[in-house]
Each structure stands twice: as structure tokens, then as C-alpha cells.
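Below is one structure, written out as C-alpha cells; the observations come after it.
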Amino acid sequence: MLSFNADMLKAYFICGTQDLKPEQDLVEVVQTALRAGITAYQFRDKGKGSTLTPETRVAVAKRLKDLCQLANVPFIVDDDVDLAKQVHADGIHVGQSDEGVEAVITELGDQAFIGLSCSNEAEITAANAIDGIAYYGSGPVFPTGSKADADPVIGLDGLQHLVALATRPVVGIGGITVDQLSAVIKTGAAGSSVISMIAGSDDIAGTVKAMLNA
Ligand code: TZP
Ligand code: MG
């Protein structure tokens, strides 16, 4: 298990099979992103577009965990305590509507670090009062095509406001493009978490470099 530090949020890649074109392979994309220097990877495979079954999902997650471990990059599971336990994930990321974060802390807090989505003032304030959360993911900063049920867009000002209230490192999420990376960092966020900026890039190495340089 890798213990959490805020530098892990600098170039945070999230990806599942639903985020890829038919010709792309998830293991290959993650391998390329790891070689390019991503600082965290979140396995988020869900919804209608996923090409995995419950069985293949565990096998693919194990393979990706091994690749992350070799690269010394944390492997974070989205919203699935059982899967996180099965593959000995370094971290788990939960949303406000998932199994309550307190239950996740009780079940997994000694084995994995915990990230929580917080998209407004009330959520940040409530989360600040809970022990055992490592970081917050806040957004969507910009409109996103990668999450159908995304919360309302908060913009850079909204992100800056949440960062100021947060007692933990915040990673920005949602619609972030290379052009906006430095503006995201100027809000005080510890980094950017992205799906399409990396998954849809023709130059993953260059894209990740831009994240690390921001
Ligand atoms: N949560 C809020 S926005 C989002 C998630 C998972 C999707 C981010 O994807 P992209 O492609 O970087 O906008
Ligand atoms: Mg969720």
C-alpha cells in the first residue's frame, strides 16, 4: 500500500473501458500513461459503455494494479469497496451518493486512503469534520462529456472557493483541457484529474508532461 501524499494529485488519470474508442485497449492506455509519468490512476469502469463483465473487471483491475505498483503509482478504485479489497488498492474514491464515506472509512480506512467528491460548500464543510479522508475531488470545473449525471459546473471561481474552505488537498475535475491546467493550479488545487484529456490524446506523453509542468 502506498500512503497518500498531495503530489499524487498532480497528474491524476481516471479511466475505464467506457471512456475509450473501440480500437483502444484499457491496459495499453494505462501502461502508456504510466510511462508518461501520471502520478495516480483511478479505475472507474461503469455504465452502459463498459465492455467488462463482473469477472473480467476483477482480472483487469488486478492487472492494472500490478502495472501501477511496478511504476510506484497509486491504484485507486472508484466506488467499490469489495473490488478495492480484492485487488489491494492503494486508495478508493467515493462520491456523495455512493456508500457513505464514513462506512468506507470503517471498512477500508486501515488498508487504503480515501478520496471524496465534494462539489459545493456544504459538502466540503461536512467532509472537513470527518477524520480519515485524504483528499477531495471538486468539480465539474468545466462542462464534461465523460459523466452523464455530473453536478452543475462550478468554474474556476467555484473551485477556488472550495479549495479555500477545504482542510485537505483538492484535485480539480471535469472538462479540464491542457489550456486550463495552469488556471486550475492557480486556484490552489493540488492538481487536475482527467479522463478525456489523456484517454483522447494523440500524444499522451506530451499531455502528461503538461500536467506535471503546470
Ligand atoms: N466526475 C466529475 S466530472 C467527471 C467525473 C468522473 C468526468 C471527468 O472527465 P473529463 O473527460 O476529464 O471531463
Ligand atoms: Mg461514484
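The values are calculated or read from the model by the stated rules, or taken from the named source; none is laboratory data. In this text, all values refer to a predicted model and were calculated from it rather than measured experimentally. Quick reminder, even Gly has a Cβ in these numbers, built from the backbone with ideal geometry, and neighbours come from all protein chains shown. Side chains are part of the model used for accessible areas, which takes the heavy atoms of the whole protein and leaves out ligands, DNA and RNA. Shrake-Rupley method; radii C 1.70, N 1.55, O 1.52, S 1.80 Å.
Of all the residues that make up region 93-107, how many are of a type in the set (S, T, N, Q) and within 21 Å of G139 (Cα to Cα)?
2
Can you find even one residue in region 148-170 that is farther than 18 Å from L116 by Cβ and within 16 Å of ligand 2 (Cβ to nearest atom)?
Within region 148-170, one or more residues are farther than 18 Å from L116 by Cβ and within 16 Å of ligand 2 (Cβ to nearest atom).
Just checking, does region 135-150 include any residue being of a type outside the set (A, V, I, L, M) and away from ligand 1 (no atom under 13 Å from the Cβ)?
Yes, the conditions are met somewhere in region 135-150.
Of all residues being crowded, with 21+ Cβ neighbours inside 10 Å and under 30 Å from D131 (Cβ atoms) in region 167-186, which is farthest from ligand 1 (Cβ to nearest atom)? Just the residue, please.
Taking the candidates together, the pick is V170.
Given the structure, is V77 over 12 Å from the mean Cα position of the chain (by Cα) and of a type in the set (A, V, I, L, M, F, W, C)?
no
Given the condition touching a strand residue (DSSP E or B) at 6+ places or on another chain (Cβ under 7 Å), modelled with pLDDT of 95 or more and either farther than 26 Å from A214 by Cβ or surrounded by fewer than 16 Cβ atoms within 10 Å (Cβ to Cβ) (or both), answer yes or no: does some residue in region 15-34 qualify?
There is no residue in region 15-34 that is touching a strand residue (DSSP E or B) at 6+ places or on another chain (Cβ under 7 Å), modelled with pLDDT of 95 or more and either farther than 26 Å from A214 by Cβ or surrounded by fewer than 16 Cβ atoms within 10 Å (Cβ to Cβ) (or both).
Quick one: in region 107-132, which of the residues that are part of a loop (DSSP other than H, G, I, E, B) and within 15 Å of ligand 2 (Cβ to nearest atom) is surrounded by the most Cβ atoms within 10 Å (Cβ to Cβ)?
Filtering region 107-132 for residues that are part of a loop (DSSP other than H, G, I, E, B) and within 15 Å of ligand 2 (Cβ to nearest atom), the one surrounded by the most Cβ atoms within 10 Å (Cβ to Cβ) comes out as C118.
Okay, residues lined up against (1) basic (K, R); (2) within 16 Å of ligand 1 (Cβ to nearest atom); (3) more than 22 Å from S192 (Cα to Cα):
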| residue | (1), (2), (3) |
| --- | --- |
| G47 | no, yes, yes |
| T51 | no, no, yes |
| V58 | no, no, yes |
| L64 | no, no, no |
| A84 | no, no, yes |
| V104 | no, no, yes |
| A112 | no, no, no |
| E121 | no, no, no |
| A126 | no, no, yes |
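For region 87-106, what are the residues that are within 16 Å of ligand 2 (Cβ to nearest atom) and not β-branched (V, I, T)?
Answer for region 87-106, where residues must be within 16 Å of ligand 2 (Cβ to nearest atom) and not β-branched (V, I, T): A89, G91, H93, G95, Q96, S97, D98, E99, G100, E102, A103.
I'd like to know if region 54-75 contains one or more residues that are at pLDDT 95 or above and in a strand (DSSP E or B).
yes
Out of all the residues in region 48-86, which are of a type in the set (S, T, N, Q) and more than 16 Å from ligand 2 (Cβ to nearest atom)?
T51, T53, T56, Q69, N72, Q86, listed by residue number.
Taking the criterion of being open to solvent by 30 Å² or more (accessible area, probe 1.4 Å), assigned to a helix (DSSP H, G or I) and closer than 30 Å to Q111 by Cα, would at least one residue in region 136-156 satisfy it?
Checking region 136-156: not a single residue is open to solvent by 30 Å² or more (accessible area, probe 1.4 Å), assigned to a helix (DSSP H, G or I) and closer than 30 Å to Q111 by Cα.
Quick check on my filter: what residues within region 35-46 are under 11 Å from Y12 (Cα atoms) and open to solvent by 20 Å² or more (accessible area, probe 1.4 Å)?
Within region 35-46, G37, T39 meet the criteria.
Right, A205: of a type in the set (A, V, I, L, M, F, W, C), open to solvent by 20 Å² or more (accessible area, probe 1.4 Å) and in contact (Cβ under 8 Å) with a residue 60 or more places away in the chain or not?
In short, yes.
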